[in-house]
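Let me begin by presenting the structure, written as structure tokens, before commenting on it.
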């Protein structure tokens, strides 16, 4: 019992030490996303969205930083088909909103007041909403249908992130990253496997660190 109490005390103190030595911040920016995979629509267009959230930085050593984040992020894809034979247009816009938790390992290269931080790390996402907007136009007539398709998608998604950020004067962040989807977006059916389709998102962001 004494050993268990001592272990719990050490773990609690360790977390407290990490918290005390950590720097917190906020971030936000633009997403440019599309889908990939063998079943992805070949002519799918990029989908514009945004992300916003918070982060924590903890220095494992002077040249190595751990940065967990908690962000709200918008993904999806657009598709357009136009017939050359008749006046027919078909457009689809799929919007997927996630709460995402990346865990980034960053190198920390400092030159005077500027830090260059390339990074890699895994990310897990939880789907909060998914909508599909279809627009069919024949001649001058257009019909739009907007539907909730969240029940067709997997709630959890896994990815891998690679990118780089600059930290200026220990407070201001700007950078970019790409998140590679590692799991399928759509659910499997009872008799068949779901389509081989993953999210892919390029993200540009600005942030601010609340240094002590």
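No lab work stands behind these numbers, since they all come straight from the coordinates. Just so you know, these numbers come straight off a predicted model, no measurement behind them. Virtual Cβ from ideal backbone geometry, glycine too; neighbours counted across all protein chains shown.
For segment 87-212, calculate the relative contact order in percent as a whole number, restricting contacts to Cα pairs under 8 Å that are 6 or more residues apart.
Working: 288 pairs, mean separation 27.5, N = 126.
Taking the mean separation of contacting Cα pairs over the length of segment 87-212, I get 22 percent.
Calculate the all-directions average of the projected area of segment 145-212's alpha-carbon convex hull, and give it in nm².
7.3 nm²
Counting pairs of alpha carbon atoms under 8 Å apart in space and at least six apart in sequence, what relative contact order in percent does segment 24-104 give? Display every interim value, and only then the final one.
Details: 172 pairs, mean separation 23.1, N = 81.
This gives 28 percent for segment 24-104.
If I take R0 = 30 Å and measure r between the Cβ atoms of residue 109 and residue 50 in this structure, what FRET efficiency does the formula 1/(1 + (r/R0)^6) give, to the nearest 0.05?
0.55
On the first, second and third principal axes, largest extent first, how far apart are the outermost C-alpha atoms of segment 68-212 in Å?
The principal-axis extents, from largest down, are 63, 39, 25 Å.
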